[in-house]
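Trainee: Supplied in structure tokens, the structure appears directly below.
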Amino acid sequence: MIKIAILVSLIFFDLLTKYLIQNNLFLNQSIKINEYFDLVYVQNFGVSFGLFSGYVSHWILILIALIVVILIFYLFNKSDKQLEKLAYFFVIIGALSNIIDRFINSYVVDFILLHYENFYWPAFNLADIYITIGIIMLIMSFFIKSKTVK
């Protein structure tokens, strides 16, 4: 039950931040927070880093993402390593949140912009952070022996 509460809370927090950005910034508006971090309102019609933007229907992207989530859920259930299960859980949360956003808007709202001088990382959102944390944990789980879940 606690896993469901965490899943719902993290998805809610991601969607809430996207809602606040959409309703308080104009499209492509940027607010400088410090010399490395801006808030910006970007509509991502593609996949990671905007790849395939404008070339693939958002319904196809939703379908592909749902298939990937089902596959990851299968791996989650199959895993007997605690760290690996937690990693898959974070990836699932991030993917579901971006799927919901894409379903609602036909695009994903990105708003975190990191940069150093003239070098910019593509804008991203909290769901992307959840996925990244999950991937890092998954990589760690390949190198760390963990106790099996019973």
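The values are calculated or read from the model by the stated rules, or taken from the named source; none is laboratory data. Keep in mind that this is a model prediction, so the values were computed, not measured. Heads up, the Cβs are rebuilt from the backbone with ideal geometry, glycines too, and the neighbour counts pull from every protein chain shown. Only protein heavy atoms, including side chains, enter the accessible area calculation; ligands, DNA and RNA are left aside. Shrake-Rupley method; radii C 1.70, N 1.55, O 1.52, S 1.80 Å.
Trainee: Which ones in the stretch 11-40 are aromatic (Phe, Trp, Tyr) and either over 20 Å from Ala127 (Cα atoms) or part of a helix (DSSP H, G or I) (or both)?
Mentor: Phe12, Phe13, Tyr19, Phe26, Tyr36 - these are the residues of the stretch 11-40 that are aromatic (Phe, Trp, Tyr) and either over 20 Å from Ala127 (Cα atoms) or part of a helix (DSSP H, G or I) (or both).
Trainee: I'd like to verify a number: residues in the stretch 57-73 that are surrounded by 12 or more Cβ atoms within 10 Å (Cβ to Cβ) and without any contact (Cβ under 8 Å) to a residue 24 or more places away in the chain, how many? So that I can check it myself, show each step before the final result.
Mentor: So the first thing to find is which residues in the stretch 57-73 are surrounded by 12 or more Cβ atoms within 10 Å (Cβ to Cβ), and the list is 58, 61-66, 68-69, 72-73.
Filter once more, keeping what is without any contact (Cβ under 8 Å) to a residue 24 or more places away in the chain: 63-64, 72-73.
Number satisfying all stated conditions: 4.
Trainee: Only residues that are of a type in the set (A, V, I, L, M, F, W, C), open to solvent by less than 30 Å² (accessible area, probe 1.4 Å) and in contact (Cβ under 8 Å) with a residue 40 or more places away in the chain: list them for the stretch 74-93, please.
Mentor: So in the stretch 74-93, the residues of a type in the set (A, V, I, L, M, F, W, C) come out as 75-76, 83, 86-87, 89-93.
Within this subset, residues satisfying the condition of being open to solvent by less than 30 Å² (accessible area, probe 1.4 Å) are 76, 87, 89, 91-93.
Correct list: Ala87, Phe89, Val91, Ile92, Ile93.
Trainee: Another question, then. If you scan the stretch 41-56, which residues turn out to be open to solvent by 30 Å² or more (accessible area, probe 1.4 Å) and assigned to a helix (DSSP H, G or I)? Full working, then the answer.
Mentor: So in the stretch 41-56, the residues open to solvent by 30 Å² or more (accessible area, probe 1.4 Å) come out as 42-43, 45, 47-49, 51-56.
Correct list: Ser48, Phe49.
Trainee: Here's a follow-up. Of everything in the stretch 68-105 that's modelled with pLDDT of 95 or more and hydroxyl-bearing (Ser, Thr, Tyr), which residue is farthest from Ile6 (Cα to Cα)?
Mentor: Among those residues, the one meeting the criterion is Tyr74.
Trainee: Residues that are farther than 25 Å from Phe26 by Cβ and touching a helix residue (DSSP H, G or I) at 6+ places or on another chain (Cβ under 9 Å): does the stretch 110-125 have at least one?
Mentor: no
Trainee: Can you find a residue in the stretch 12-22 that is open to solvent by 70 Å² or more (accessible area, probe 1.4 Å), touching a residue at least 24 places away in the same chain (Cβ under 8 Å), among the hydrophobic types (A, V, I, L, M, F, W, C) and within 18 Å of Tyr130 (Cβ to Cβ)?
Mentor: yes
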